[in-house]
Amino acid sequence: MSSQTPSQSHVIVIVGGGAAGLSVAAGLLRKHGDLDVAIIEPSNDHYYQPGWTLVGGGAMSAEETHRQEQDHMPDKATWIKDAVVSF
């Protein structure tokens, strides 16, 4: 998180709201609905990157890989709209 963001504490923090980060968060929350999970992702836009190989092959348009991040954020996860600059 940036130095301008107040400190927050969560049981699990996932860096990145791409397909992998969202899948991990959703799976954890499906098994443990009361788990405190946060996802750090600054972008409002979500691009399904695995679909880009289909774009390259002409089977999908680039526009079809774009969604709104909020539409895929697990309901019980805390979305921290910020970027990670270091670990």
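What ratio of Cα Rg to 2.2 N^0.38 Å holds for the chain?
Working: Rg = 14.5 Å, N = 87, 2.2 N^0.38 = 12.0 Å.
Dividing the Cα Rg of the chain by 2.2 N^0.38 Å gives 1.20.
Of LEU28, HIS72, GLN49, which is farthest along the charge dipole of the chain in the positive direction, counting Lys and Arg as +1 and Asp and Glu as -1 at C-beta?
The residue sitting most towards the positive pole is LEU28.
Between GLU64 and ILE12, what is the label-point separation in nm under the 7 Å Cα-to-beta-carbon projection?
It works out to 3.1 nm between the two label points.
So how far apart, in nm, are the two label points at VAL84 and VAL24 if each is 7 Å from Cα heading toward Cβ?
Computed distance between label sites VAL84 and VAL24 equals 0.7 nm.
Between the helical axis of 19-31 and the dominant principal axis of the chain, each derived from Cα atoms, what acute angle in degrees is found, rounded to the nearest 10?
Around 50 degrees separate the two axes.
All of the numbers you see were taken from the coordinates with simple rules; none came from a lab. No experiment lies behind these values; they were computed from the predicted model shown. Neighbour counts are summed over all protein chains in view; Cβ atoms, including those assigned to glycine, are modelled from backbone coordinates with ideal geometry.
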